[in-house]
1. Considering only residues that are out of contact with any Pro (no Cβ under 9 Å at 6 or more places or on another chain) and acidic (Asp, Glu), look in the range C:114-152 and name the one that is farthest from the other protein chains (Cβ to nearest Cβ).
2. In this structure, does A:Ala85 turn out to be buried (at least 20 other Cβ atoms within 10 Å of the Cβ), away from chain C (no Cβ under 14 Å) and touching a residue at least 12 places away in the same chain (Cβ under 8 Å)?
3. So A:Ile44 ticks every box in (1) over 30 Å from C:Arg128 (Cα atoms); (2) crowded, with 21+ Cβ neighbours inside 10 Å but one. Which box is left unticked?
4. Would you check if there is a residue in the range C:69-81 being of a type in the set (Val, Ile, Thr) and within 13 Å of chain A (Cβ to nearest Cβ)?
5. Can you find, within the range A:105-126, the residue that is nearest to B:Tyr28 (Cα to Cα) among those that are surrounded by 18 or more Cβ atoms within 10 Å (Cβ to Cβ) and acidic (Asp, Glu)?
6. Whether any residue in the range C:38-57 is free of Cβ contacts under 8 Å to residues at least 24 places away in the same chain, under 27 Å from B:Ile121 (Cα atoms) and of a type in the set (Phe, Trp, Tyr) is what I want to check.
7. Applying the selection to the range B:1-28, what residues are modelled with pLDDT under 85 and surrounded by 12 or more Cβ atoms within 10 Å (Cβ to Cβ)?
8. Which residues, counting only those in the range B:1-44, are of a type in the set (D, E, K, R) and over 30 Å from A:Gly116 (Cβ atoms)?
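The values are calculated or read from the model by the stated rules, or taken from the named source; none is laboratory data. Keep in mind it's a predicted model, so treat the numbers as computed, not measured. In this analysis, Cβ positions are derived from the backbone assuming ideal geometry, glycine residues included, and neighbour counts consider all displayed protein chains.
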Amino acid sequence: MLNVDSPEATLRALGLELPEAPKALASYVPVQQVGELLYTSGVIPSWNGEVKFRGVVGGDVSLKDGARAAEICALNIMALVRQVAGSLDQVEQFIQLSGFVRSAAGFEEQPKVLNGASDLIYKVFGERGRHTRQALGTSELPLGVPVEISAIVRLKR
Amino acid sequence: MLNVDSPEATLRALGLELPEAPKALASYVPVQQVGELLYTSGVIPSWNGEVKFRGVVGGDVSLKDGARAAEICALNIMALVRQVAGSLDQVEQFIQLSGFVRSAAGFEEQPKVLNGASDLIYKVFGERGRHTRQALGTSELPLGVPVEISAIVRLKR
Amino acid sequence: MLNVDSPEATLRALGLELPEAPKALASYVPVQQVGELLYTSGVIPSWNGEVKFRGVVGGDVSLKDGARAAEICALNIMALVRQVAGSLDQVEQFIQLSGFVRSAAGFEEQPKVLNGASDLIYKVFGERGRHTRQALGTSELPLGVPVEISAIVRLKR
């Protein structure tokens, strides 16, 4: 079997870099492996530990910036996957993203915000990037960030 | 071993029909299978793509209508299960429902709202329908719906 | 291989007792096992069925009391694990906690609240207690409680 898809090559072709993988904090860890599955902690739009977006989508954060925040979350998830698996090419399938958008009253476009993460993952991983998704709004998130996302990812055997 | 329980037969006996399975949207998908487990995306109270309830439970949506919205979510989850597994009779066990209820300030009865889904699943699947549940309130949901639910379901080998 | 760690012994050494395991309610159940994995329902800060904390963290519930509420959630999760597995010593690894903190407007310290649960689990289980975590804020929770947590736990074969 010839395996022609390489998310690592795609990432380079897109000119994208990954941040450092989010660090272990206190008594929890950023990622756990169970058999072929990786479970990540909720990641926020930070880059090498520095928070890049704060605020409420539909309020002081625009839909466009919310989607950009979700993209950064996706890059952090990829950084965790690479750290554990050695390479993004080890991904068999993204299974699920759980995404929470801190939302202004009446804001209903959480899916468009989270498309920032979903579209980027699809761009990098192709069919292996197609995931189920929980798109949810909420009132408050840690550190005042506008988006938090966690993932379940299946690795190749 | 005689297998006497048939959720498909029970569904017919109850006079219930399922909507079309929610469609794949953009870069995410409505359901993913990992071994014997199905993970669904969050489903909303829509029927063949048409949203049936909007609003805030405990506000402009009554507890009764919130529970009806949760029932419709459960029927969409069943439609996804049937689409992937071929038949509801292939369900070994419902494992988990994660349910979010868009809640008016001070509304505390998210469990009663989500019983709309849980009770219907139990009615159709019997003991195979007993699931763990996260019953959560939130401020905002996609498209302004009052309930969003996702599921993890185990299929027979 | 000598296994020197016993969470049950640690629990006794810490002088901690567990509440009764949360009861099955209606059509959902407090815990489900899939192979080596336990999935719990969302648990609240109740003790033998009696709710111990109500309110909003950062509002009428202090950060310290929120963390205490999270500790009680962790003890309820342990009670469920012991009920299913027979002993806490059967835990191979805590995989994930999903924690929701009912938050006052602008409250950003959900991680410190949930550390009440995470730190206690680490204290009792050591490295086997290190889990991934979703730390989320929300506006409303069932029965008006300030914290709800669910867990995925891997048991020894």
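1. Out of the qualifying residues, it is C:Glu127.
2. Taking the combined requirement at face value, the residue does not satisfy it.
3. (1)
4. no
5. A:Asp119
6. Taking every residue of the range C:38-57 in turn, none turns out to be free of Cβ contacts under 8 Å to residues at least 24 places away in the same chain, under 27 Å from B:Ile121 (Cα atoms) and of a type in the set (Phe, Trp, Tyr).
7. The answer is B:Asp5, B:Ala24, B:Leu25, B:Ala26, B:Ser27.
8. If the condition is that a residue be of a type in the set (D, E, K, R) and over 30 Å from A:Gly116 (Cβ atoms), then B:Asp5, B:Glu8, B:Arg12, B:Glu17, B:Glu36 are the ones that fit.
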